[in-house]
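> There's a structure below that I have some questions on.
The values are calculated or read from the model by the stated rules, or taken from the named source; none is laboratory data. What you see is a predicted model, and the numbers here were worked out from it, not measured in a lab. In this analysis, Cβ positions are derived from the backbone assuming ideal geometry, glycine residues included, and neighbour counts consider all displayed protein chains.
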Amino acid sequence: MKKTILIMTVALISISVFASVVTIEGKSVIIPDKPDVTKERAIESTLQKAVEAYVAERVTKSAADANYSRLQPAIYSTFKDFVAKYEIVAEREDGQFHYVSARVEIDDAKINGQLAALGIQPGIGGKPKVAVFASEQNVDGAWAHSFYGSIYSGGTVSEANFNICEDVVIASLGDGGFPVIDMTLDPTETKRAFQYKPVFDRYDENMFNMPNESASKLAKVIDNDVELVVTCSALAKNQGKGSAYMNSIFANVSCKATNVKTNTRVAYATATASSPHVDPVTGGNQALQKACADAGKKLTTALSDKFR
């Protein structure tokens, strides 16, 4: 169920002070020779998912997951009580399942009253799971290393990639109380998850370069029910000799956090830093670490204001 919500467009639109509309798709296993029963069960699946999506939007996904044992008997299992009306917008089958897409009108007052009775406050309830991916290029690098692959631009390869930006941003988010999912690749998964690539194409224009092993990382986002994906781009450049021995190194970094449940950008941060050093690559590493640490702190602060 969670995986379906991740790849669907979930639209939560307020239409009055009493109702909101959730557009979502549900499904049911096709029952041979019983099309009416099959369709009815698919509709019920759609309505229940609409109520669950509404709750997750109101109280945050983390709070909904943490309080599932209370929400299940009080709201999810009695989902019909909170549906004012619905409109089927599409139906399809794939040989095994019957799918129903619908615009579902939720009774705001009734469901919010039940949430209040459970003591679950809207917008409060913990921090969502986060995955961090960083593209990082050090001084004079001809290879732009990133989570979606490496792009060769010609010239001499003198760049070293130590995943500096990814590591310091992860550390900042962890210090801020955000659960960061380990994106370490399992070699056995390198080809299994390439099917997930289209889901993430919209988050970065360079996704078309993504090899299978990186697609496995994206699969982990779905498999671990990650809500926020943070992507960072970091670049260090040698500005020339500051003295007879020292190089002047300057780094720029930008990070954005996207809610992959709602396909919306929720935070953005940029930072710069400089580091003089006799070795340009070492100076670049230091500048990248400073800039990414600064951007990570800014991003963590912005996200902490949204997720309490």
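> Can you give me the number of residues within the stretch 43-90 that are within 19 Å of Thr262 (Cα to Cα), β-branched (Val, Ile, Thr) and in contact with a Phe, Trp or Tyr (Cβ under 7 Å, 6 or more places away or on another chain)?
Qualifying residue count, the stretch 43-90: 2.
> When you scan the stretch 242-257, how many residues do you find that are within 30 Å of Arg58 (Cα to Cα) and surrounded by fewer than 21 Cβ atoms within 10 Å (Cβ to Cβ)?
2
> Another one. Is the stretch 51-58 home to any residue that is aliphatic (A, V, I, L, M), closer than 20 Å to Tyr99 by Cα and exposed (fewer than 13 other Cβ atoms within 10 Å of the Cβ)?
So far as the stretch 51-58 goes, no, none of its residues is aliphatic (A, V, I, L, M), closer than 20 Å to Tyr99 by Cα and exposed (fewer than 13 other Cβ atoms within 10 Å of the Cβ).
> Looking only at strands (runs of 3 or more DSSP E) that lie completely in the stretch 1-116, which have at least 1 residues being modelled with pLDDT of 85 or more, outside the structural domain of Asn224 (by TED's automatic domain parsing) and not aromatic (Phe, Trp, Tyr)?
Because the criterion is at least 1 residues that are modelled with pLDDT of 85 or more, outside the structural domain of Asn224 (by TED's automatic domain parsing) and not aromatic (Phe, Trp, Tyr), the strands (runs of 3 or more DSSP E) in the stretch 1-116 that meet it are 19-29, 83-93, 97-107.
> Let me ask something else. Assuming Ile249 fulfils every condition listed in (1) within 27 Å of the chain's Cα centre (by Cα); (2) farther than 15 Å from Leu299 by Cβ apart from one, which condition is it?
It fails just one condition, (1).
> Just the residues that are part of a helix (DSSP H, G or I) and free of Cβ contacts under 8 Å to residues at least 60 places away in the same chain, please, taken from the stretch 249-290.
Correct list: Thr282, Gln286, Ala287, Lys290.
> Can you tell me which residue in the stretch 201-241 is surrounded by the most Cβ atoms within 10 Å (Cβ to Cβ), limited to those that are at pLDDT below 75 and in a strand (DSSP E or B)?
Taking the candidates together, the pick is Lys241.
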